[in-house]
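The values are calculated or read from the model by the stated rules, or taken from the named source; none is laboratory data. Since this is a predicted model, take the numbers as computed values, not measurements. Every residue, glycine among them, receives a Cβ derived from its backbone with ideal geometry; neighbour counts consider all protein chains shown.
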Amino acid sequence: MKQLIVLISFLVLVVGCKKPFSQTSEMALALPTKVSTTISIVFIAGFDEGDNTYYANAKNYFEGKKIRVVDNLFSLEEIIRYINQENTKHVNFDEIHIVSHSNAWLGMSLKTSKNGKRITIKTLQNASQQDNSLELQKGITNDTKIIFHSCGLGENKALLNELKNSFTTEQKPTVYASSFFNVFGGKFAGHYLAKPYYGYYPTAESPGPAQLSKEFKLAYPESEINWFTALKTRRESSLGEAYSFKFNIPVAWEFTFDNVVDIPKLEDSEAIMDWISESPEMAKVLFELNIPIEKYRWRSKIQGNKLVIKGKTTVLCVLAPILQQHDSNEYRNVRLDDRSLYQIL
């Protein structure tokens, strides 16, 4: 038996004139001084699908702040190339905002390159070793702030360090990312952060909000959220109240056998889960996703001499807006220097 394919898919410097050859060189003293311009910029590094308006809301928010917005670059390589090109115009960057979906399971939606892979620690390290187009030249100073608006990215300090390395030359910027969810275009604030809580069920096999609310209560006993109400609320209804959304995570494997008679006949979900548990490679994938195996809807089929196994789980995410510590009628100000909100490297 040989495993051919494993697939996982998911539904985020100062530049002036050159130093004179000598302090007394008349030629050098006659050279005109090149003045650098310092700007802030926002990269909307993705596009909305379906009824999701995350990127459109972020664009509207930053345009309202009168910050330059670029919305047609969807990879780290393209962003670095843009910064390098701007440097030829003697532009330095004060703040660089990068808006990209991110999730706790498979990294960022932002790709390594235009035709590259989603950014994870592994894909970013591989891309940096193989492609010198990811090398930043200038445009970044020690005072530059690079802010990633990517949900939960602040939890992944190792990946954030790799991203910082991508923007480091002889100058080292400061990088920011929150462990919370970024919400743009909210009903009560243009931009705020929210704490996520997760639950799961096999796709199309929901046990219903009453049972799910009990599971959330068991998983988060310290929380005072009304889980039943939150799970039935899909949008902000009142200031500070929790609400929820859901999405699917599918996994799939294909196995090729030398002989059709060797293909196991997996009659039901229990048989599929038993077979997966006996495979170190498959078990490792599910371990890294950190979602219980019984929370997937499992299917298998035989195609010629191939065995195809597919699973899909629905993730329920309850979001609780972060409020002011001493005023539950106000959302917490999204301040970059607030280390309770941001991971700062």
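When region 114-124 is filtered for residues that are outside any strand (DSSP E or B) and either farther than 17 Å from ILE146 by Cβ or out of contact with any Lys or Arg (no Cβ under 8 Å at 6 or more places or on another chain) (or both), the ones remaining, listed by number, are LYS114, ASN115, GLY116, LYS117, THR120, ILE121, LYS122, THR123, LEU124. For region 63-76, taking the residues that are in contact with a strand residue (DSSP E or B) (Cβ under 8 Å, 6 or more places away or on another chain) and of a type outside the set (A, V, I, L, M), the one that is surrounded by the fewest Cβ atoms within 10 Å (Cβ to Cβ) is identified as ARG68. Among the residues of region 286-297, just one is in contact with a helix residue (DSSP H, G or I) (Cβ under 9 Å, 6 or more places away or on another chain) and modelled with pLDDT under 90, namely LEU286. Being at pLDDT 90 or above and in a loop (DSSP other than H, G, I, E, B) is the filter; apply it to region 96-113 and report the residue that is farthest from the chain's Cα centre (by Cα). My answer is SER113.
When THR174, THR203, THR168 are checked against the criterion of being assigned by TED's automatic domain parsing to the domain that holds LYS246 and either modelled with pLDDT under 90 or among the β-branched types (Val, Ile, Thr) (or both), THR203 stands alone in meeting it.
Taking each residue of region 274-297 that is under 23 Å from ALA204 (Cα atoms) and among the hydroxyl-bearing types (Ser, Thr, Tyr) and looking for partners that are modelled with pLDDT of 90 or more and surrounded by 13 or more Cβ atoms within 10 Å (Cβ to Cβ) with beta-carbon atoms closer than 6 Å, six or more apart or interchain, yields TYR296/PRO202; TYR296/GLY311; TYR296/THR313. Is it fair to say ALA204 is assigned to a loop (DSSP other than H, G, I, E, B) and touching a strand residue (DSSP E or B) at 6+ places or on another chain (Cβ under 7 Å)? For ALA204, the condition - assigned to a loop (DSSP other than H, G, I, E, B) and touching a strand residue (DSSP E or B) at 6+ places or on another chain (Cβ under 7 Å) - is met.
Candidates are the residues of region 143-160 that are assigned to a helix (DSSP H, G or I) and in contact with a helix residue (DSSP H, G or I) (Cβ under 9 Å, 6 or more places away or on another chain); the one that is surrounded by the fewest Cβ atoms within 10 Å (Cβ to Cβ) is ALA158.
Would you point out the residue of region 41-62, among those that are small (Gly, Ala, Ser), under 16 Å from the mean Cα position of the chain (by Cα) and assigned to a loop (DSSP other than H, G, I, E, B), that is surrounded by the most Cβ atoms within 10 Å (Cβ to Cβ)? Let's see the steps before the verdict.
We begin by selecting, within region 41-62, every residue small (Gly, Ala, Ser); these are 45-46, 50, 56, 58.
Okay, now just the ones that are also under 16 Å from the mean Cα position of the chain (by Cα), so 45-46, 58.
Okay, now just the ones that are also assigned to a loop (DSSP other than H, G, I, E, B), so 45-46.
Working: ALA45: 29, GLY46: 22.
Selected residue: ALA45.
The set of residues in region 299-343 being within 19 Å of the chain's Cα centre (by Cα) and surrounded by fewer than 16 Cβ atoms within 10 Å (Cβ to Cβ) consists of LEU336 alone. Comparison of LYS117, LYS111 shows that the only residue that is under 21 Å from LYS59 (Cβ atoms) and of a type outside the set (A, V, I, L, M) is LYS111. Checked against (1) surrounded by fewer than 14 Cβ atoms within 10 Å (Cβ to Cβ); (2) under 23 Å from ASN103 (Cα atoms), GLY208 passes all but condition (2).
On inspection, ALA194 does not qualify as within 26 Å of ASN60 (Cα to Cα) and either in a loop (DSSP other than H, G, I, E, B) or acidic (Asp, Glu) (or both). Each residue in region 163-207 was checked for being under 17 Å from the mean Cα position of the chain (by Cα), of a type in the set (S, T, N, Q) and more than 19 Å from VAL42 (Cα to Cα), and 1 pass. When we screen LYS187, LYS195 for residues that are exposed (fewer than 15 other Cβ atoms within 10 Å of the Cβ) and under 22 Å from SER244 (Cα atoms), the only hit is LYS187. Would it be correct to say that PHE228 is surrounded by 11 or more Cβ atoms within 10 Å (Cβ to Cβ) and either polar (S, T, N, Q) or in contact with a strand residue (DSSP E or B) (Cβ under 8 Å, 6 or more places away or on another chain) (or both)? No.
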